[in-house]
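Here is the structure we will look at, set down as structure tokens.
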Amino acid sequence: MQEEEEIFNVSVTINTGLEPLTFTITTDHPASDPKYQRDYRVTRDNEMLGVLRQDTDHRWHLREGNLEQEEIEAIGQAIDAHYA
């Protein structure tokens with residue numbers, strides 16, 4: 001069963017001292033994934049920056065794109081906070 005796509009925004013401080021950046025997060029449930037894990041597409045200004053996935057140990061990983069590990073963790077924490 002395919003779950004419905006969800007779209008929401010998160011604000012993340014990437015560089016200390018600068019304004020937080022707002023990213024649009026779109027959930028995706030790849031049909032090819034037998035565990036039905038959720039992917040999170042990260043976009044800003046209509047440009048796809050990456051696709052994140054949380055593993056079973058609740059660590060965030062980049063599946064696609066070009067984000068630094070600090071950015072991945074900050075965006076992942078904001079996604080977690082959205083669902084809290």
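Sites counted here are GluC sites (Glu not before Pro) in a DSSP loop (not H, G, I, E or B) having no more than 16 other Cβ atoms within 10 Å; the longest part of the chain that contains none of them is 7-67. If you sort 56, 22 by accessible surface, 1.4 Å probe, largest first, the order is 56, 22. Taking the inverse of the mean reciprocal distance over all distinct Cα pairs, the Kirkwood hydrodynamic radius of segment 36-84 comes to 11.0 Å. In the chain, the calculated helix contribution to ellipticity at 222 nm averages -6000 deg cm²/dmol per residue, counting -39,500 (n - 2.57) for every DSSP H run with n ≥ 4.
For residue 63, the residues whose modelled amide H falls within less than 5 Å of its own, excluding neighbours fewer than 5 places apart on the same chain, are 51, 52, 53. Note on the chain: Cα-only Rg and Dmax are 12.6, 44 Å. What is the angle, in °, between the Cα long axis of helix 69-83 and the longest principal axis of the Cα atoms in the chain? Nearest 10 is fine, range 0 to 90. With both axes taken from Cα atoms, the answer is about 70 degrees. Looking at the chain, the accessible area is 70 square angstrom per residue; that uses a 1.4 Å probe and ignores ligands, DNA and RNA.
The values are calculated or read from the model by the stated rules, or taken from the named source; none is laboratory data. This one's a predicted model, so the numbers in the text were calculated from it and none came from an experiment. Virtual Cβ from ideal backbone geometry, glycine too; neighbours counted across all protein chains shown. Quick note on the areas: whole protein, heavy atoms, side chains included, nothing else; ligands and nucleic acids left out. Shrake-Rupley method; radii C 1.70, N 1.55, O 1.52, S 1.80 Å.
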